[in-house]
Amino acid sequence: MNKKLWLNTILAANMLGLSACATLTEQAEEVETVQPLTLFVFECGNIVTNDVSIFSPGIGVGEEKKLTDSCYLIRHAKGDLIWDTGLPDQIGEKGIDVFDGKFHMSVSHPFSEQLAEIGVDPATIKHLAISHFHSDHTGNANLFKNAELLIQKEEFDAAFGADPKSFGFNPDSYSELNRDNIKVLQDDYDVFGDGTVVIKRAPGHTPGHQMLYLNLDQTGPVLLSGDLYHFTSNREHQRVPSFNFSKEQTLESMQIMEAFATEHQAQVWIQHDKEQNETMRHSPEFYQ
Ligand SMILES: [Zn+2]
């Protein structure tokens, strides 16, 4: 029973001179069982580059930098949402070299195992949203076959169009998603209709890049960055990686998202920032 209906019931009971005790007890029990919005953070891979200037043209040429690769589970009373799926579990601890050896990528703790450790079956996930379709974000997408995919139209056209590889996407990594269960977005999207979990359109890194805004009871507002920024100094200096789809769109998205974060007093969690992530609670711990 929702709050308004409950109040009306009490009112009606009082008007009739009836006792509302039973209704009150029922409501108290119901309040206790409503699940508060919960966020789990997972480490879904390690990335080492031998030239950080790929992310910050002209800055740190030839310098090594370690990044992390994060993915997230958001538990809402109306269902679960996975945000990003990391590097493929299959590459393992040994990992792989990519982009002519400029990057080494590996997975220490498979995402599927981390979900199993907290009792989550990927088949029960209701919604899947991926910040963008680069292969370090779609690595384990095929685990979530039953989920509704929430994707911006431009990203959909690139990922499911004629030449996804030209955008740096690996179509094999998301080939098992249900094509009949895709919601194509052209704007921000309030996933559960109560303003607590909102996809924010932020194109530029890829054609339909997006971010995720969460309004948690205790932690407060949080904005998950996607790859708008890869680490804190790029945020401070608004630097745009050389491989972005559009520099102009990226800078515009940075401006819009910074204004949004200020307005909502939201923390910006930079998903690839290893140092920032080391300060965070990871699954099985969580945020509410
Ligand atoms: Zn990435």
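General remarks:
- Qualifying residue in region 38-46 (condition: over 23 Å from the mean Cα position of the chain (by Cα) and surrounded by 15 or more Cβ atoms within 10 Å (Cβ to Cβ)): no
- One residue stands out among those in region 47-59 that are buried (at least 19 other Cβ atoms within 10 Å of the Cβ) and assigned to a strand (DSSP E or B): the one that is nearest to the ligand (Cβ to nearest atom), which is Ile47.
- Looking across region 165-190 at every residue that is within 16 Å of the ligand (Cβ to nearest atom) and assigned to a helix (DSSP H, G or I), the one that is surrounded by the fewest Cβ atoms within 10 Å (Cβ to Cβ) is identified as Phe167.
- Residue pairs meeting the criteria (Cβ under 7 Å; at least 6 apart or on separate chains; first of a type in the set (Phe, Trp, Tyr), in region 266-288; second part of a loop (DSSP other than H, G, I, E, B)): Trp269/Ser225; Tyr287/Thr219; Tyr287/Arg281
- For region 72-94, the set of residues classified as without any contact (Cβ under 8 Å) to a residue 40 or more places away in the chain and open to solvent by 70 Å² or more (accessible area, probe 1.4 Å) consists of Gln90, Glu93, Lys94, listed by residue number.
- Only listed residue being open to solvent by 10 Å² or more (accessible area, probe 1.4 Å) and either in contact (Cβ under 8 Å) with a residue 40 or more places away in the chain or part of a strand (DSSP E or B) (or both), chosen from Asp97, Asp69: Asp97
- Selection status of Asp157, open to solvent by 40 Å² or more (accessible area, probe 1.4 Å), without any contact (Cβ under 8 Å) to a residue 60 or more places away in the chain and under 18 Å from the mean Cα position of the chain (by Cα): no
- Any hit, region 263-282, residues being of a type outside the set (Ser, Thr, Tyr) and on the phi > 0 side of the Ramachandran plot: yes
- Search result, residues across region 267-283 that are surrounded by 18 or more Cβ atoms within 10 Å (Cβ to Cβ) and either hydrophobic (A, V, I, L, M, F, W, C) or away from the ligand (no atom under 16 Å from the Cβ) (or both): Val268, Trp269, Ile270, Ser283
- Answer residue from region 112-132, given it is within 16 Å of the ligand (Cβ to nearest atom) and in a loop (DSSP other than H, G, I, E, B) and is farthest from Ser283 (Cα to Cα) among those: His132
- For region 133-146, a residue qualifies if it is more than 16 Å from the ligand (Cβ to nearest atom), open to solvent by less than 50 Å² (accessible area, probe 1.4 Å) and within 19 Å of Val41 (Cβ to Cβ), and exactly one does: Phe144.
- Selection from region 106-149 of residues that are touching a residue at least 60 places away in the same chain (Cβ under 8 Å) and in contact with a Lys or Arg (Cβ under 8 Å, 6 or more places away or on another chain): Ser106, Ala147
- For region 203-219, the condition holds for no residue, the condition being that it is within 15 Å of the ligand (Cβ to nearest atom) and open to solvent by 40 Å² or more (accessible area, probe 1.4 Å).
- Criterion: open to solvent by 60 Å² or more (accessible area, probe 1.4 Å) and within 15 Å of the ligand (Cβ to nearest atom) - qualifying residue of Phe231, Phe243, Phe286: Phe243
The values are calculated or read from the model by the stated rules, or taken from the named source; none is laboratory data. From a predicted model like this one, the values you see are computed outputs, not experimental measurements. Reconstructed Cβ throughout: ideal geometry from the backbone, glycine too, with neighbour counts over all protein chains shown. Heads up: the accessible areas ignore ligands, DNA and RNA and are worked out on the full protein's heavy atoms, side chains in. Shrake-Rupley method; radii C 1.70, N 1.55, O 1.52, S 1.80 Å.
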